[in-house]
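Below is one structure; the comments refer to it alone.
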Amino acid sequence: MADPSSYRPSPGQIPDSPGVYKFRDEHRRVIYVGKAKNLRQRVANYFQDLAHLHPRTRTMVTTAASVEWTVVSTEVEALQLEYTWIKEFDPRFNVKYRDDKSYPYLAVTLNEEFPRVQVMRGAKRKGVRYFGPYGHAWAIRETVDLMLRVFPVRTCSAGVFKNAARTGRPCLLGYIDKCSAPCVGRVTPEEHRALAEDFCDFMAGRTGTYIRRLEKDMMQAAEEMEYERAARLRDDAGALKRAMEKSAVVLADATDADLIAVAEDELEAALQIFHVRGGRVRGQRGWVTDKVEAVDTAGLVEHALQQLYGEERGDAVPKEVLVPALPEDTAAVAQWLAERRGAQVSLRIPQRGDKKDLMATVQRNAQQALGLHKTKRASDLTTRSRALEEIAEALGLDTAPLRIECYDVSHLQGDDVVASMVVFEDGLARKSEYRRFQIKGFEGQDDVRSMHEVIGRRFRRYLQEKARTGEWEQTPPASGEAPHPVQVPAAPDPAREGVPLPAGDSEPREDDGRPKRFAYPPQLVVVDGGQPQVAAARRALDELGIDDIAVCGLAKRLEEVWLPDDDDPVVLPRSSEGLYLLQRVRDEAHRFAITYQRSKRAKRIRSSPLDDVAGLGETRKQALIKHFGSVKKLRQATIEEICQVPGIGRRTAESVAAALAAAVPAAPAVNTATGEIMEEDDGGTS
């Protein structure tokens, strides 16, 4: 590990002009490439106190052994040179997107004498016009099959084309008029190229011209009583319309835009791109990357733009690029895009209307892609086994933790404090075993104390279940020892213990010989947090006399694994399957906890004085509100009027009237624009 001060250049050596810099390791390999408006300010930031650097930046500067830079004239030149060097050197600490699959494109080989329409994958070739990408190759072939009726362009391979030219006989498509058969001279090279260019124009979104022309020719043929030709033109127009219908209309007809969305966590980011041409979604693709450098959403967007358009020219760069966050050098990036397109390019964040709605759809796709990428590993038995083995080795466990329980605490500024327990068995979520807890031992915000309470309650129930089934007996203290402090209550307090999942999730029954809840101990307890939370969990287990369950914590900021009584964390490799599994368990516990906390908060906000009336169920509450129209009008009603509601007797009516009289009505709402006092007509709150 190198000391950055050993190769730090003096400030006077570094120019204060735009440029690109490279960090190299001791073997002269380029490990990081960056650009800057001001090289002196940017490079100097890497040589501050290591404690103030982001952990990933700290790793980079301690791996490097030298730094060098190149001065350029403008920020746009810096952007282009940065892209060129990243592509050339493939630095290990730069964000590099990788396709989650090899997407197929519809390609037209305009670089050949007789252009060919075909499906292509992989790197783009010079002189070839591309459309897409598409999700599936069959979608391309269906579109091409419809369009060959109108634009009979060659689709055969070079071998088939040469063989047909040698024998003087076209292939089957030539006989059924889905190819103009340039191989046998039915059309000249110029005529065939014109067909290929018309095909490209239609695919690029200029569709209305061709359909109107076909319909005009159809009407003219019908007037001239050339009914067979008119029928053929009618079918051709229908084929083009069906081809258009395969792309959903999402924006105005003239819109050419790419929409880019990013979903990210601490370690990875997923990118989704929708290509809209002529107002229709013509293609979609996605990338996933490791966040090997300290980069925010704006930086991820900038890297994506470089990779998307670094090799593109002309119409391949759209008129609009819509992004979730603007790059730091927005003007320079926009100018760079404009130079590649040959015309102005709008780079912006959509704020309203259809474009914002479509961006939300792209964002959902990005979130799903990131989730799928993370869970894809969990579906493989070999990968799950390796993950469990890595966890066991890293934590010093005797066996792989086949059952893992994870706990997380959630609250909103100390209110509605709840906790979650999620269970993973054999590396897969077991949702029927999930539990939810309400923190009732104290008031306010104290995550450490909350974790201690939850762990204690969960494993106290575990000991109760063992005692009930006869599997556990309290061990008498040895001579000279104090009595063991563990006490196992005869019956649990249902208001204090874990709340089961809603009805519908599978639960083991009491009469099948299996304990219903909390009877299965985990091999590993994971808590969301660092040393304090881990110590609290370990202390709760020690107080119950449980010493055969391992405990660890996963700190979210740096993804470090903490063990009880250890001053230093366990750092698993970034590519470790064990780390992926621990992250997934932790994220699931967080999701489950925050969902429960939000539901409790919403329920509290929607509370009504009628909730305090004993014996008044939801059906009769709704009947009262429906009869009177609002809580305010119900409060003004007499007991006799309340008794007129079906199902409400006098005793219940008296209880309702007493509850409403005791409740303090909410202050009336005031329209600040008009000063008007707004009447209370809400049937659910007061």
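The values are calculated or read from the model by the stated rules, or taken from the named source; none is laboratory data. Nothing here was measured: the structure is a model prediction, and the numbers come from that model. Methodologically, a virtual Cβ is constructed for each residue, glycine included, from the backbone with ideal geometry; neighbour enumeration extends over all protein chains shown. These area figures cover heavy atoms from the full protein model, side chains too; ligands, DNA and RNA do not enter into them. Shrake-Rupley method; radii C 1.70, N 1.55, O 1.52, S 1.80 Å.
Kindly evaluate GLN367 against the criterion of being over 22 Å from ILE594 (Cβ atoms) and either open to solvent by 60 Å² or more (accessible area, probe 1.4 Å) or in a helix (DSSP H, G or I) (or both).
Here the answer is no, as GLN367 does not meet what is asked.
Sort through PRO152, PRO170 and tell me the only one that's part of a loop (DSSP other than H, G, I, E, B), buried (at least 16 other Cβ atoms within 10 Å of the Cβ) and either under 38 Å from the mean Cα position of the chain (by Cα) or in contact (Cβ under 8 Å) with a residue 40 or more places away in the chain (or both).
Selected residue: PRO152, the only one of PRO152, PRO170 that is part of a loop (DSSP other than H, G, I, E, B), buried (at least 16 other Cβ atoms within 10 Å of the Cβ) and either under 38 Å from the mean Cα position of the chain (by Cα) or in contact (Cβ under 8 Å) with a residue 40 or more places away in the chain (or both).
Hey, any hits in the range 610-624 for a residue that's among the acidic types (Asp, Glu), open to solvent by 60 Å² or more (accessible area, probe 1.4 Å), in a helix (DSSP H, G or I) and at pLDDT 75 or above? Spell out how you get there, then give the answer.
Step one: filter the range 610-624 for residues among the acidic types (Asp, Glu), giving 611-612, 618.
Among the residues that remain, those that are also open to solvent by 60 Å² or more (accessible area, probe 1.4 Å) are: 611-612, 618.
Filter once more, so that each one left must be in a helix (DSSP H, G or I): 611-612, 618.
Checking the rest, the ones that are also at pLDDT 75 or above come to 618.
Looking through the range 610-624, at least one residue is among the acidic types (Asp, Glu), open to solvent by 60 Å² or more (accessible area, probe 1.4 Å), in a helix (DSSP H, G or I) and at pLDDT 75 or above.
State all residues of the range 322-340 that are surrounded by fewer than 19 Cβ atoms within 10 Å (Cβ to Cβ) and either more than 15 Å from THR297 (Cα to Cα) or among the aromatic types (Phe, Trp, Tyr) (or both); if no residue qualifies, say none.
ALA331, GLN335, ALA338, GLU339, ARG340
Confirm whether VAL571 is in contact with a strand residue (DSSP E or B) (Cβ under 9 Å, 6 or more places away or on another chain), open to solvent by 40 Å² or more (accessible area, probe 1.4 Å) and hydrophobic (A, V, I, L, M, F, W, C).
yes
How many residues are loosely packed, with under 14 Cβ neighbours inside 10 Å, part of a helix (DSSP H, G or I) and in contact with a Phe, Trp or Tyr (Cβ under 9 Å, 6 or more places away or on another chain) when one looks only at the range 41-79?
0
Any residue that is open to solvent by 50 Å² or more (accessible area, probe 1.4 Å), under 22 Å from TYR130 (Cβ atoms) and either modelled with pLDDT under 85 or assigned to a loop (DSSP other than H, G, I, E, B) (or both) - is there at least one of those in the range 211-220?
no
Looking at (1) modelled with pLDDT of 85 or more; (2) open to solvent by less than 70 Å² (accessible area, probe 1.4 Å), which one does GLN644 not meet, given that it meets all the others?
(2)
Return the total of residues in the range 101-134 being outside any strand (DSSP E or B), among the aromatic types (Phe, Trp, Tyr) and at pLDDT 75 or above.
So the answer is 1.
May I ask you to list pairs of residues, at least six apart or on different chains, whose Cβ atoms are under 9 Å apart, with the first in the range 291-307 being on the phi > 0 side of the Ramachandran plot and of a type in the set (Asp, Glu) and the second being open to solvent by less than 20 Å² (accessible area, probe 1.4 Å) and in a loop (DSSP other than H, G, I, E, B)?
Once the first residue is on the phi > 0 side of the Ramachandran plot and of a type in the set (Asp, Glu) and sits in the range 291-307, no partner that is open to solvent by less than 20 Å² (accessible area, probe 1.4 Å) and in a loop (DSSP other than H, G, I, E, B) comes close enough.
Just checking, does the range 417-425 include any residue being open to solvent by less than 50 Å² (accessible area, probe 1.4 Å), touching a helix residue (DSSP H, G or I) at 6+ places or on another chain (Cβ under 7 Å) and part of a helix (DSSP H, G or I)?
no
Can you list residue pairs whose Cβ atoms sit under 6 Å apart, with the first residue in the range 217-237 being closer than 17 Å to LEU146 by Cβ and the second being part of a helix (DSSP H, G or I) and β-branched (Val, Ile, Thr)? Count only pairs 6 or more apart in sequence or on different chains.
Hits for this filter: ALA237/ILE211.
Looking at the range 430-458 only, could you name the residues that are in contact with a helix residue (DSSP H, G or I) (Cβ under 6 Å, 6 or more places away or on another chain) and either surrounded by fewer than 17 Cβ atoms within 10 Å (Cβ to Cβ) or not in a loop (DSSP other than H, G, I, E, B) (or both)?
ARG436, PHE437, GLY441, VAL448, MET451, HIS452, ILE455, GLY456
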